Amino acid sequence: MANSSDNPARPGAGVRLCALAEIADPGGKGFRFRDDGRIFAGFIVRKGELLAGYVDSCPHAGWPLATFDDRYLTRDANHILCTGHGALFGLDGVR
């Protein structure tokens, strides 16, 4: 099984995604990158000045986590939510 690091559309380290002010606090922002028909989907979660990046793919089902653009967090902003089946994920690196 290939992982996200094998995807040629995955952006390299240091690629500027957006300004910090463009990410809700707390909140998330999704990004899509394309390369020769391949797509890499990821998102950033923010709580204050702390940020963490994730691959936008449910580890259980493989589909994107958010049904609506940039809606990755639960209402209390304490977990990432898979809107496909309700799984909750901790905010690794974001406190």
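Overview of results
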quantity: Cβ-Cβ under 7 Å pairs, at least 6 apart or on other chains, the stretch 69-83 side farther than 10 Å from Gly27 by Cα, far side open to solvent by 60 Å² or more (accessible area, probe 1.4 Å); calculated: His79/Leu88; Leu81/Leu88; Thr83/Thr67
quantity: Single residue of the stretch 78-92 satisfying the filter (open to solvent by less than 60 Å² (accessible area, probe 1.4 Å) and under 27 Å from Ala13 (Cβ atoms)) that is nearest to the chain's Cα centre (by Cα); calculated: Ile80
quantity: Residues within the stretch 53-68 that are under 18 Å from Asp25 (Cβ atoms) and buried (at least 17 other Cβ atoms within 10 Å of the Cβ), tallied; calculated: 2
quantity: The stretch 32-52, residues that are under 20 Å from Gly84 (Cα atoms) and crowded, with 16+ Cβ neighbours inside 10 Å; calculated: Phe40, Ala41, Gly42, Phe43, Ile44, Val45
quantity: Selection count, the stretch 26-53, where residues are aliphatic (A, V, I, L, M) and under 20 Å from Asn7 (Cβ atoms); calculated: 4
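The values are calculated or read from the model by the stated rules, or taken from the named source; none is laboratory data. A quick note: this is a predicted structure, and the numbers were derived from the prediction, not measured. Don't worry about glycine lacking a Cβ; one is built from the backbone with ideal geometry, like all the others, and counts go over all protein chains shown. Only protein heavy atoms, including side chains, enter the accessible area calculation; ligands, DNA and RNA are left aside. Shrake-Rupley method; radii C 1.70, N 1.55, O 1.52, S 1.80 Å.
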